[in-house]
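What follows is a set of notes on a single structure, which appears directly below.
The values are calculated or read from the model by the stated rules, or taken from the named source; none is laboratory data. A quick note: this is a predicted structure, and the numbers were derived from the prediction, not measured. Ideal geometry is used to build each Cβ from the backbone, glycine not excepted, and the neighbour counts take in all protein chains shown. The area values use the complete protein model at the heavy-atom level, side chains included, leaving out ligands, DNA and RNA. Shrake-Rupley method; radii C 1.70, N 1.55, O 1.52, S 1.80 Å.
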Amino acid sequence: MGLKVVALLSLVFLVEVSPMMIDRYSTIEFILNMDADVKCSHLVTIFDEEYAAENEEDIIQFLLRNGRPLTLLQLYNGRINAFNHQNVTKETVCSDVVFFVQNLDDFPLVYERIKDFYYVSKVILVTSNSSKETDKLLKDIRSDHFYLLIERGRLVKIDRWVISDRIQKNIVSKNSNLNQVFPVKRQTMMGRHLTIATLDFPPIVFATANEITGQVIASGIEPTLVEILAERLDFKFNYNLPVNDEMWGTLIFNGPENVTVTGLLGFLHRKEADVSYGDLHIQQRLLPYVDFTLAFRNNYECFLIPAPRPYAKWTALYHPFPSAIWTVTGISCVFAVATLRLLAKCSSWRPNKDAFFSDTMVCVLYILGNMLSAQQPQEVRSPANRLFLIWFLLAAATIIPTLYRSGLISYITFPYTPDPIDTIHQLVDSPLQKISWGDYFKKSLLDSNDPLQRKLGAQFAIATNLSQMLSLLNTNSWAVMSNQGNLLYKAYTMFPPTSDGPRVHLMRECVFPTRSALGLQKHSSLKPYFDKEIYSLIESGIVEHITSQWAKKQKKWDPTSHTKLVAYSLDSLQGAFYLLGIGIALSFLAFIAELMFGYRKRNFQKRTDCLLN
């Protein structure tokens, strides 16, 4: 065995005993035959000093009559010395455990230690303590795998905590048929009342408390699942809600042995609730404090970010072309002006051959006029100029303006919006601040092997209030991470699209896959019941059906719902009016410059004439 203890292994003794001996030790026979059909292959026997001194013969006979591999342990001052070694590891085989204990003061601690080192199936405690002490012990342990035996002559008193949260007491003969001792079926909870902790986290849970009575009403995906479990397992329940924005809860470490757990998890840790739910994620760090049922839903943690806003209407003048096209077009126009000017200079020896191209400004206006489909009436005589202009008018003054006008119409009709952030890499490089509820995801990112995720984790802020966290989206400077379904619901209810487009954007690339389960108290006796039924509901497709039905009830967030064709308006043409205004202003300035230049030229000419005369 992996556990290094004082042990007696593989005791298989065939002992001849007299009829009197069999009757004397029939309690031992009774213990060995309890649930004989489901015995584990290994048996652990533990006795304390007080019991060993008073019942030495009983223990010896028990060891002799056992037919399974056996580990024998002894309690000293409420401790099992074999568990004090550093190299102790948990056994990998199923074990039944029999305690011979008189002093019950330290028993709960010993019981927990045993479960830490063995996969325990059935536990039998043999003692002679009073009913008051044993009843308290059973209520503290709350396990239907735990049996308490007290010998009463030829009778045996068997006390047992059952799943309906009561103590079942039986007094039977040592020769009784054990199949008739426990008539209670273990697959149901016999009307037991459970306290369930939950929170308002739509669409998974819609939870509201009556202001007068304080009664909590819950609906949604997980409440529907719990209602089905209650019907199938036969239990009743009421709800508790966390307070002070504790939500799911966090772990607060005040020392190695002093850990405070808040929120839904705190209800379980303090044993103030039997079950909790509300998109509870199975996390390795929580397992020492609470248990989880079988996972029944997979989801993702994603980011909701401010949607990019459309550019101003007047910017439609340059959006039809990207910057590269504008650059090439500008270079082409400069090249065309230079070419016309060069050809005019080279043909200056031939009179009346396109002499007007010898003026650079004329060349500029001519090229721009053709680019804007406002060709000036001018006869072109030079064959070189004709050949060049044929090429230019085809390539630049026909194709480019046609494409530009098509794009201009499109961007005037539909407001142009830049591409949104859709990847984690883009998000990390963006100036947006990142936030999520609690510190779990930040720590997980910082511990990642991926440098990009570590960089993202370093940028995270921690929120303690979910509503305030989502309201940060109104500032257009925060990216919020939460459950994908919850983000879609919040996007629909808090940030409906406007005529200018969507207000928020759900990133395509998510960060974490998550598994949701019901939370239970540590070592909860409810776990095998819930796990069995949840597995059945998953296999039968009921969990998926519940999810899809609630999805159909919810109105879906559609970021394109307000996108539609619009008629032209002065607002759509503001760019054209801006351009017209700029043109008129430049023309007026040119006119003023010409007047001033002409005035100065005439004055200069008059002074020159006066000097000559």
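The table that follows gives values for the structure above.
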{"read-out": "Tabulated pairs, region 226-251, first open to solvent by 60 Å² or more (accessible area, probe 1.4 Å) and modelled with pLDDT of 95 or more, second part of a helix (DSSP H, G or I) and of a type in the set (D, E, K, R), C-beta under 7 angstrom, 6+ apart or interchain", "value": "none"}
{"read-out": "Qualifying residue in region 139-153 (condition: in a strand (DSSP E or B) and loosely packed, with under 14 Cβ neighbours inside 10 Å)", "value": "yes"}
{"read-out": "LEU427 being hydrophobic (A, V, I, L, M, F, W, C) and either at pLDDT 85 or above or in contact with a strand residue (DSSP E or B) (Cβ under 8 Å, 6 or more places away or on another chain) (or both)", "value": "yes"}
{"read-out": "Unmet criterion (only one of (1) modelled with pLDDT of 90 or more; (2) not in a loop (DSSP other than H, G, I, E, B)) for ASN254", "value": "(1)"}
{"read-out": "Listing of helices (runs of 4 or more DSSP H) fully contained in region 521-613 that carry 1 or more residues being aromatic (Phe, Trp, Tyr), modelled with pLDDT under 80 and open to solvent by 70 Å² or more (accessible area, probe 1.4 Å)", "value": "574-612"}
{"read-out": "Matching residues, region 296-309, being closer than 18 Å to ILE196 by Cβ and either touching a strand residue (DSSP E or B) at 6+ places or on another chain (Cβ under 6 Å) or open to solvent by 30 Å² or more (accessible area, probe 1.4 Å) (or both)", "value": "ARG297"}
{"read-out": "Failed condition for TYR489, given (1) hydroxyl-bearing (Ser, Thr, Tyr); (2) more than 15 Å from the chain's Cα centre (by Cα); (3) closer than 19 Å to ASP558 by Cβ", "value": "(2)"}
{"read-out": "Those residues of region 475-503 which are over 19 Å from LEU427 (Cβ atoms) and open to solvent by 60 Å² or more (accessible area, probe 1.4 Å), in sequence order", "value": "TYR492, THR493, MET494, SER499, ASP500"}
{"read-out": "Any hit, region 214-228, residues being among the small types (Gly, Ala, Ser), within 26 Å of LYS555 (Cβ to Cβ) and more than 25 Å from the chain's Cα centre (by Cα)", "value": "no"}
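For every residue, the table says whether it meets (1) open to solvent by 20 Å² or more (accessible area, probe 1.4 Å); (2) part of a loop (DSSP other than H, G, I, E, B); (3) polar (S, T, N, Q); (4) free of Cβ contacts under 8 Å to residues at least 60 places away in the same chain.
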| residue | (1), (2), (3), (4) |
| --- | --- |
| SER95 | no, no, yes, yes |
| TYR111 | no, no, no, yes |
| ASP116 | yes, no, no, yes |
| VAL123 | no, no, no, yes |
| VAL156 | no, no, no, no |
